[in-house]
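Colleague: Structure in structure tokens, see below.
The values are calculated or read from the model by the stated rules, or taken from the named source; none is laboratory data. Everything numeric here is computed off the predicted structure, so don't read it as measured data. Because the Cβ atoms are built from the backbone with ideal geometry, glycine has one as well, and the counts that use them run over all protein chains shown. Just so you know, the surface numbers come from the protein's heavy atoms only, side chains and all, with ligands and any DNA or RNA stripped out. Shrake-Rupley method; radii C 1.70, N 1.55, O 1.52, S 1.80 Å.
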Amino acid sequence: MDRIDAMRAFVAVVTEGSFSNAANTLQLSPQLVSKYVSKLEEQLNTRLLNRTTRKVSLTEAGSHYFGHAQQILLSIDDMESKLGGLQQNPKGVLRISAPVSFALKHMAKLITDFQIHYPLVKVDLQLTDRKVDIVEEGFDVALRIGQLKSSSLIAKKVAPIRVMLCAAPDYLKKHGTPTQPEDIAEHRYLHYSYMNMDGKDDIYQLLKAKYLKQGSELRSNNGDVLVDAAIAGAGIVLQPTFIISEALSSGKLVVVLPKLEPEALGLYAVYAHRKLLPHKVRCFIDFMEGYYGTPPYWDESIP
């Protein structure tokens, strides 16, 4: 038995949700897919899948193996794709989904520079803070910000994303500057609708408790609006530095309770696991690597 073929069969069953769907994807018979997975379990001497007449599910061992198998197959496919496309110029339409505020501030030059290097690639950039289904909605790549949970998609980290609590000096002069976490409860709060309310850091728990108890003086699904409101003196706001860095540098905003800065999030390029990744997608993902710098250029003036 070819271990790689068996690994592909196992990953396809998990990704597609059944042996029959996996068989269709791999263009094999369901019996052969089942045989591959069974032989793989025999070689590993452990059960990877729980099988019933209605569905299959991962065992604990299967869950661990699935993640490693995905990465191994991705490396193999990447190598084959790079070798196959080495002499090719990437071309076609590249459909990208990206968060609104990040794209408005930091993606125009990225796309322009990318197309200078790869002039035959046309870019269709769609902005939304909604978590799109990249397969169902036909995207090649989606940029997402957060702590990504495991899934059947592949995610490559592009840059760290720092998040800070801040307010305008005039607002703090009028309402007082918080000196301890409990003081947040006494301040006007500008709430971002897509904020991860389940974040484990103290600042998320404090803002969640305040929001659930008192609501918010202003809430929006757009961070730029909230930051502009904070600059105007509307209250305190928790937003990423790629939005607030200019306001911090100019003194329009100041950091509040800096010791409560949460663990940095990540900007990730997310794409579907495919046997042969299109060359235009591979080129774009490789082009983004290191593009924004280490640290990202918007953080260079922030301690």
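Colleague: Could you work out what % of the accessible surface of region 149-214 is carbon and sulfur, using a 1.4 angstrom probe and leaving DNA, RNA and ligands out of the count?
Modeller: That fraction is 48 percent.
Colleague: Given the rule -39500 (n - 2.57) for each run of at least 4 DSSP H residues, summed and divided by the residues of the chain, what is its mean residue ellipticity at 222 nm, to the nearest 500 deg cm²/dmol?
Modeller: -13000 deg cm²/dmol
Colleague: Per residue, what accessible area does the chain have, given a 1.4 Å probe and all protein chains present, in Å²?
Modeller: Accessible surface, normalised per residue, equals 54 Å².
Colleague: Same structure again: What is the dipole size for the chain, taken about its Cα centre, with +1 at each Lys and Arg Cβ and -1 at each Asp and Glu Cβ, in debye to the nearest 20?
Modeller: It works out to roughly 600 debye.
Colleague: How large is ³J(HN,Hα) for each residue in region 161-168, as worked out from phi by the Karplus curve 6.51 cos²θ - 1.76 cosθ + 1.60 (θ = phi - 60°), to whole Hz, x for Gly and Pro?
Modeller: Each residue's phi maps through the Karplus curve to give 10, 7, 10, 9, 8, 8, 7, 7 Hz.
Colleague: Right, something else. Nearest 10 degrees is fine. How inclined is helix 30-44 to the longest principal axis of the chain, computing both from alpha carbons?
Modeller: Computed tilt is about 80 degrees.
Colleague: Which whole-angstrom value gives the distance between the alpha carbon centres of region 190-263 and region 112-141?
Modeller: Going from one Cα centre to the other spans 29 Å.
Colleague: Right, here's the next one. E289 to A209: FRET efficiency via 1/(1 + (r/R0)^6), r the Cβ-Cβ distance, R0 51 Å, to the nearest 0.05?
Modeller: E between E289 and A209, to the nearest 0.05, is 0.85.
Colleague: Further question on the same structure: Could you check what % of the DSSP bridge pairs in the chain are antiparallel, to the nearest 5?
Modeller: Bridges in the chain are about 60 percent antiparallel.
Colleague: Mind pulling the angle between the C-alpha long axis of helix 241-250 and the longest principal axis of the chain? Nearest 10 degrees, somewhere in 0 to 90.
Modeller: Tilt of helix 241-250: around 30 degrees.
Colleague: Given Q71, T112, V11, which one lies farthest toward the positive end of the charge dipole of region 1-123, if we put +1 on the Cβ of every Lys and Arg and -1 on the Cβ of every Asp and Glu?
Modeller: Final value for the positive-end residue is T112.
Colleague: Please determine, in degrees from 0 to 90 and to the nearest 10, the orientation of helix 60-84 with respect to the longest principal axis defined by the Cα atoms of the chain, where the helix direction is its Cα long axis.
Modeller: Once rounded, one gets 80 degrees.
Colleague: Return the label of the correct value of percent of Cα pairs over 34 Å apart, as calculated from the structure shown, out of (i) 13; (ii) 38; (iii) 25.
Modeller: Calculated percent of Cα pairs over 34 Å apart: the matching label is (ii).
Colleague: To the nearest 10 Å², what's T53's accessible area with a 1.4 Å probe?
Modeller: Surface open to solvent at T53 totals about 150 Å².
Colleague: Heavy atoms only, probe 1.4 angstrom, no DNA, RNA or ligands counted: give me R54, R3, R162 ranked by accessible area, highest first.
Modeller: I get R54, R3, R162, largest accessible area first.
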